[in-house]
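Data block below; observations after.
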Amino acid sequence: MRLCVFCGSAPGHSAAYAAAATALGTLLAQRGIGLVYGGGNVGLMGIVADAALAAGGEVIGVIPRALADRELAHPGLTELIAVDTMHVRKQRMHALSDGFIALPGGYGTLDELFEALTWSQLGMHRKPCGLLDVEGFWAPLRTFVAHQHREGFLRPEHAAMLLWADDAASMLDAFAAYAAPAVPKWTGPEIG
């Protein structure tokens with residue numbers, strides 16, 4: 001079993017973000033779950049990878065060659081896969097993973113998470129997707145997802161597909177209990 005973690009290439013301003021990345025990487029390794037991530041050695045990416053490695057876990061990084069060439073690639077991973085483009089990176093990370101967790105991050109984190117979530121909504125996979133809500137970082141997004149549902153752009157089943165947890169253990173427990181919704185049609189006038 002492997003889980004993909006999307007997160008910032010910066011550490012953010014709060015020490016709680018680094019602490020959450022460390023806790024998640026450590027817990028993944030302790031539970032025998034491999035880590036798949038973007039392959040960097042900076043920011044929360046490097047922190048989650050270092051924690052998993054320090055706890056004896058498998059860590060697979062997938063990085064575009066352009067970023068690896070700038071010496072952003074983590075040098076001590078179980079496996080580092082260099083690819084040509086960001087699109088191929090996401091496809092490879094998806095193929096290697098049994099679920100997707102987002103720690104705090106920027107545009108790239110949102111892009112990666114929402115692609116995985118959209119693929120799940122479309123029935124292209126049945127893997128869980130979740131947000132580790134460190135100190136309320138994702139609270140505005142949670143409000144927005146509820147707004148999308150109220151305004152008729154998300155079915156209740158699809159709004160509920162995005163899992164939320166405040167700590168790593170709760171997130172992994174939610175993933176273990178996850179069952180993808182069986183919705184035969186994903187758009188239409190009956191949304192809401």
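Bear in mind these aren't lab numbers, they're just calculated from the coordinates by the rules spelled out. From a predicted model like this one, the values you see are computed outputs, not experimental measurements. Note that each Cβ is placed from the backbone with ideal geometry, even for glycine, and that neighbours are counted across all protein chains shown.
Data overview
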| quantity | calculated |
| --- | --- |
| Principal-axis tilt of helix 168-177 within the chain, Cα atoms, nearest 10 degrees | 50 |
| Inter-part distance where the stretch 39-80 and the stretch 88-120 are each reduced to a Cα centre, Å | 16 |
| Cleavage-rule hits, trypsin sites (Lys or Arg not before Pro), the stretch 1-85, DSSP coil, Cβ neighbours within 10 Å at most 12 | ARG70 |
| Nitroxide proxy distance, nm - points 7 Å out along Cα→Cβ at PHE153 and ARG65 | 3.8 |
| Contour excess over end-to-end distance, with Cα ends at ALA169 and HIS13 and 0.36 nm allotted per residue | 53.8 nm |
| With Cα atoms, 0 to 90° folded angle of helix 107-121 axis to the chain main axis | 50 |
| DSSP bridge orientation in the chain - percent antiparallel, rounded to nearest 5 | 5 |
| The chain: angle of helix 15-30 to the longest principal axis, Cα-based, in degrees nearest 10 | 90 |
| Sites matching GluC sites (Glu not before Pro) across the stretch 29-85 that sit in DSSP coil, with at most 11 neighbouring C-beta atoms within 10 Å | GLU71 |
| Net charge of neighbours whose Cβ lies under 15 Å from the Cβ of GLY12, counting Lys and Arg as +1 and Asp and Glu as -1 | -2 |
| GNM result for the chain, Cα springs below 10 Å: residue of ASP111, ASP167, ASP84 fluctuating most strongly | ASP84 |
